[in-house]
Amino acid sequence: MERTKNIWGLVAVSILLMFFIFPFIAKSEVTCSIDLDNKTDSELASALKKCEEEIAEQEKMLQSKQRESVTIERDIDILRTKISKTQADIRAKDIKIYQLNGDITSKVEIIADLNKRFEKTTLSISELIRRTNEIDSFSSVEAILSGQSLSDFFIDVDNFSILKKDLKNNLEAIKQIKEETQTAKDILEEQQSKEQALKVAKEQEKRNTENYKAENEVLLGLNRNQEKEYQQIIAEKEKIKNEIRNRMFRTVGGTELRFEEALKLIQPYEGRIGVEAALVLAVLTQESAVDGVIGSNLGKCTYNQPVTRNKSGTVMSNTQKPSFLAIMEELNMNPDTTPVSCPIYSDGAYGGAMGPSQFMPSTWWDVEAELGYKKRVAKVLGIRTPSPFINLDAFTGTALYLSDARFKCSGPGGFDNQFEIWSCSAAKYYSGLSSSGSRLAQHMTSKWSYGYKVAERAQAFQKDIDTLNL
């Protein structure tokens, strides 16, 4: 009997262990490949940490393999490691996007709630103003002549004071709601921008994985007897890579940049801004280059140079001049000698665009509205006074503008394949973020249009970038 009790006791303990210990064991087994749906914040954070650990481990293995002598087997190992690393990168980005989507949803709800509060407060203020106007227009003489008792009159005066106090409080409340709504919107826009940047980086990682796999298939088809032939293939690839690296860009002022150098300026911000470096380079060469030389068609005019074919009578429109002069003062540059683009009468009556990215002055910094890409460039680069005439600043401004365009092109009801998104983004860069319908189509659908040519060039640049990555 005692023995039976002991057995049942052991069974009970075992069941308790199953209920209380095993769930903790199962819960702790969070992997990089976790199913994201219905997971807690802590589980997602654990999965992200696992992904980052895998990426670091693969990076270490990759560096180790790259130090070995070149062989087919060694390069196969390198490619496999790169594939594993990019897959972990993609998974990490999936988790971050999933987390951001949750944050965005909550911010949308907050903004909706703030808008409701705003509407209610506005209605209250309207009613208070109406009642205030009624009392304000009723003089004390009218009150006495109306037969109203003095005590009633003073009660109304007291009520009027309370009414004015309520009005003041409501005005302060509406001001606070506006500020809160703007802050929530700013946070939401930043989170949406981060999500877009992660998606672009994820697409790049996927493309890299596909390229690595294709390269790996080629290597797996080779054998030890073809080692010498493989060395020749490597030499040919390095020659192509050097040709890509040595392609020259010349920017405003005659400064020369190799393709690789221009890429290095832009690529670090690709994942932060959410626009491919290939598209930025393609716009720059389309916008201000001849034969791949950025800036070769700039610097032919000055802002106040007389012309006869527009209302202002000068290269730059009168509406752009205040912003241009403010930019010149801030940068300590001479407006009378600083080169700007000349009018291209087939596109418009005015010139005045600045630097290698061809920013119009009020787009870079609207001095009256105190808005423009200058502030955002400063934030991304961590500097105080960016300049549209400095390569990195101008290129970053281009990427930010294209990011805004891309968001409009790939949003609800927008395009879904990369070529059309690139073509649309470039068309908006050329014709304005608000352009749509036939105006947008004019600049993106024809093979001779600005957007289409940019997208074609971006595809070619992307191939070059992918080659450099291999």
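Below is a table of values for the structure above.
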{"item": "Test set (1) surrounded by fewer than 19 Cβ atoms within 10 Å (Cβ to Cβ); (2) within 30 Å of Gln231 (Cα to Cα); (3) touching a residue at least 12 places away in the same chain (Cβ under 8 Å); (4) not small (Gly, Ala, Ser) - Gln63 fails condition number", "result": "(3)"}
{"item": "Condition broken by Gly348, with the remaining ones in (1) without any contact (Cβ under 8 Å) to a residue 40 or more places away in the chain; (2) under 22 Å from the mean Cα position of the chain (by Cα) satisfied", "result": "(2)"}
{"item": "Candidate set: segment 310-355, residues that are within 23 Å of Tyr450 (Cβ to Cβ) and aliphatic (A, V, I, L, M); chosen: the one modelled with the lowest pLDDT", "result": "Ile344"}
{"item": "Val377, sole failed condition from (1) farther than 22 Å from Ala262 by Cβ; (2) among the aliphatic types (A, V, I, L, M); (3) crowded, with 24+ Cβ neighbours inside 10 Å", "result": "(1)"}
{"item": "Residues satisfying the stated conditions in segment 344-379, i.e. over 15 Å from Tyr401 (Cβ atoms) and aromatic (Phe, Trp, Tyr)", "result": "Tyr345, Tyr350"}
{"item": "Failed item in (1) under 30 Å from Gln226 (Cβ atoms); (2) modelled with pLDDT under 80; (3) loosely packed, with under 12 Cβ neighbours inside 10 Å, with Arg3 passing the rest", "result": "(1)"}
{"item": "Whichever residue in segment 423-461 is under 18 Å from the mean Cα position of the chain (by Cα) and outside any helix (DSSP H, G or I) and, among such residues, is farthest from Glu276 (Cα to Cα)", "result": "Ser434"}
{"item": "Single residue of Leu284, Leu298, Leu257 found to be touching a Lys or Arg at 6+ places or on another chain (Cβ under 9 Å), surrounded by 18 or more Cβ atoms within 10 Å (Cβ to Cβ) and modelled with pLDDT under 85", "result": "Leu257"}
{"item": "Residue identified as of a type outside the set (D, E, K, R) and surrounded by 22 or more Cβ atoms within 10 Å (Cβ to Cβ) among Asn391, Asn469", "result": "Asn391"}
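The values are calculated or read from the model by the stated rules, or taken from the named source; none is laboratory data. Note that the coordinates shown come from a computational prediction; the quantities given were computed from them, not determined experimentally. Don't worry about glycine lacking a Cβ; one is built from the backbone with ideal geometry, like all the others, and counts go over all protein chains shown.
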